[in-house]
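Remarks on the structure that follows.
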Amino acid sequence: MEKQSRIFVAGHGGLAGSAIVRELRAQGYANLILRSHAELDLTRQDAVDAFFASVRPEYVFLAAARVGGIQANNTRRAEFIRENLLIQALTIDAAYRNGTRKMLLMGSSCIYPRLAPQPMKEEYLLSGYLEQTNEPYAIAKIAGLKMAEAYRAQYGFDTISLMPTNLYGPGDNFDLEGSHVLPGLIRKFHDAKLAGAATVSIWGSGTPLREFLHVDDLAGASLFLMNNYSSPEIVNVGTGREIAIRDLALLIAKIVGFAGTTVQDSGKPDGAPRKLLDISRLRNLGWEPRIGLSEGIRSTYEWYAAGHAAQSSTYVTVGR
Ligand code: GDP
């Protein structure tokens, strides 16, 4: 990308998109094209086609998606598959037809089989059954990356696909029902501390293992790959480190300063038992994450406690 290139960041109001915009600006990219959901509904073909035909972005970061935690994925299954399929199908095709030079797609670590060997290498894609709680989302993301791969193979369209692990950071969604575990627990412990409550409930058994990547690291990796990588193989983006949910809860409680205890809500699902990415492909390309988990949670908590979350988008990046 040149500093003056026309760069469209789809989903710039969400967690990943807003971090990519910050990183692009920090690196001096001055010609960013941003559209709110109200200005451009990426699930409508007429709107997407008209936008790409008139603006003709040279580079596209596709960070728009309907996203959410285990509960949102599990209960709003139809919305998750419909909107993600549409956003990807419409934008990939319109970008290709309107002369976009390169497009980056954001996938997810949930595309890998539920019981894949750990850590998960890129080649484990489609080698087994998916986790049920987020299968519609995962199927949509797999369709997107396969569509990108097919456009590269048949038309020579330069697409790259990143598979980030569980993300967190400023701009996250702290909604109690719809959020992912890390922002959800920051909010629960913070509210409990303010209310002087004795207990906080942790969903599921607390034994699942998860990997967490600060979104500023994802943004760094996205620009690095946009500028240095052009290949059909998908690329995992994570830290290569994991933590049990119950240990994550203890860490967040300590950072937030909650002195009470936790109780288990076994009525809520665990999801995949383990989801750790193998990041050797990314490392071999020359990129490493920088932000440690405690440091990242601390700064995210400061951002949340300062009251910024009220202004950030709700748990969907793209809604209807
Ligand atoms: P997942 O990675 O797709 O399973 O999504 P989540 O980040 O929503 O959940 C990760 C794990 O944390 C699951 O085992 C949840 O049951 C568990 N968990 C514990 N407490 C919470 C909570 O308050 N919110 C959420 N979203 N998950 C929680």
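FYI, it's all coordinate maths here, none of it is from the lab. Computed from a predicted model, the values in this text were never measured in an experiment. All Cβ positions, even for glycine, are placed from backbone atoms using ideal geometry, and neighbour counts span all protein chains on display.
Suppose only helical runs count, i.e. DSSP H with n ≥ 4. What mean residue ellipticity at 222 nm does that imply for the chain under -39500 (n - 2.57) per run, divided by all residues and rounded to the nearest 500 deg cm²/dmol? Don't skip to the answer; put the middle values down first.
On the way: 10 runs with 131 residues, N = 320.
-13000 deg cm²/dmol, from helical runs alone.
Taking the DSSP bridge list for segment 182-320 and keeping only pairs wholly inside it, about 20 percent are antiparallel. Ranked for footprinting exposure by Cβ neighbours inside 10 Å, fewest first, ASP278, ASP217, ASP265, ASP49 give ASP265, ASP49, ASP278, ASP217. Label-to-label distance for ALA153 and LEU176 is 4.8 nm, based on points extended 7 Å past Cα in the beta-carbon direction. For segment 34-141, the set of GluC sites (Glu not before Pro) satisfying both a DSSP loop assignment and a count of at most 10 other C-beta atoms within 10 Å is given as GLU39.
Excluding same-chain neighbours fewer than eight residues apart, the lysines reachable from LYS3 by a Cα-Cα span under 22 Å are LYS102. By the equivalent-ellipsoid construction on the alpha carbon gyration tensor, the chain comes out with semi-axes of 32, 21, 19 Å, ordered largest to smallest. Rounded to the nearest 10 degrees, the angle from helix 77-97 to the longest Cα principal axis of the chain is 30 degrees. Packing-based ranking of 142-154, 283-295 yields 142-154, 283-295, ordered from highest to lowest mean Cβ neighbour count within 10 Å. In whole percent, what relative contact order does segment 134-196 give with Cα contacts below 8 Å and a gap of six or more residues? For segment 134-196, the relative contact order is 16 percent. Scanning residues 5 or more positions from GLN264 or on other chains, those with amide H under 5 Å from its amide H are ILE202, with H placed 1.01 Å from N in the peptide plane.
Listed by chain and number, the lysines placed with their C-alpha closer than 30 angstrom to that of LYS268 are LYS121, LYS141, LYS188, LYS193, LYS254; residues fewer than eight positions away on the same chain are left out. Relative to the Cα centre, the charge distribution of the chain, modelled as +1 at Lys and Arg Cβ and -1 at Asp and Glu Cβ, gives a dipole magnitude of about 80 debye. Axis angle, to the nearest 10 degrees, between helix 293-305 and the longest C-alpha principal axis of the chain: 90 degrees.
Taking the convex hull of the alpha carbon positions in segment 19-153 and averaging its projected area over all directions gives 9.4 nm².
When TRP303, TRP203 are arranged by Cβ crowding within 10 Å, least crowded first, meaning fewest neighbours, the order is TRP303, TRP203. With axes computed from alpha carbons, what is the tilt in degrees of helix 181-195 against the longest principal axis of the chain, rounded to the nearest 10 within 0 to 90? So the inclination is approximately 40 degrees.
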